[in-house]
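Inspection log for the structure reproduced underneath, given as structure tokens.
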């Protein structure tokens, strides 16, 4: 099954690929690797702000991370023209806006990791880092960047 068909089967609608908020490009392709800049947590109502361990729980953080994943996939689709060019999700690096005592960053970033496996199947399994940050841009809860292996 194609990745686009899988999205339809899962009833997932991708957002528009977000525009850069500063002096960078959202995607760079080098050979068969596609590097997608960090996507911050934003949903249909706007930015998802908060700090894990302070005013957000793990489930809310995982939902924010899932939104980051949707934006990452949207950026890949915009750059490639078709998600069927994705061979492998190689790596995610996730940053969680959290208090010093919060230690569930992996469970938060699972919101994105789980989405990648839902959409891409075995090709969605990836290497990963999930780290704490004392603050993130615009006060968002999560930011995640991705590396995809692609064809063409």
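Between the alpha-carbon centres of region 1-80 and region 86-152 there is a gap of 10 Å. Once region 68-146 is represented by equal point scatterers at the alpha-carbon sites, with solvent omitted, what log10 I(q)/I(0) does the Debye formula produce at q = 0.11 Å⁻¹? Debye intensities relative to I(0), on a log10 scale: -0.29.
Among DSSP bridges having both ends in the chain, what percentage is antiparallel? Round to the nearest 5. Rounded to the nearest five, the antiparallel share is 70 percent. With everything on Cα atoms, drop me the angle between helix 58-80 and the longest principal axis of the chain, reported from 0 to 90° to the nearest 10. Roughly 30 degrees, rounded to the nearest 10. Per residue of the chain, the DSSP helices (runs of n ≥ 4 H) give a summed -39500 (n - 2.57) that works out to -10000 deg cm²/dmol at 222 nm. Taking only the Cα atoms of the chain, the radius of gyration and Dmax are 14.5, 45 Å.
Against the chain, whose longest principal axis comes from its Cα atoms, helix 105-120 is set at around 20 degrees.
Within region 1-59, the proportion of Cα pairs with more than 16 Å between them is 67 percent.
FYI, it's all coordinate maths here, none of it is from the lab. Keep in mind the model is a prediction, meaning the values are calculated, not measured.
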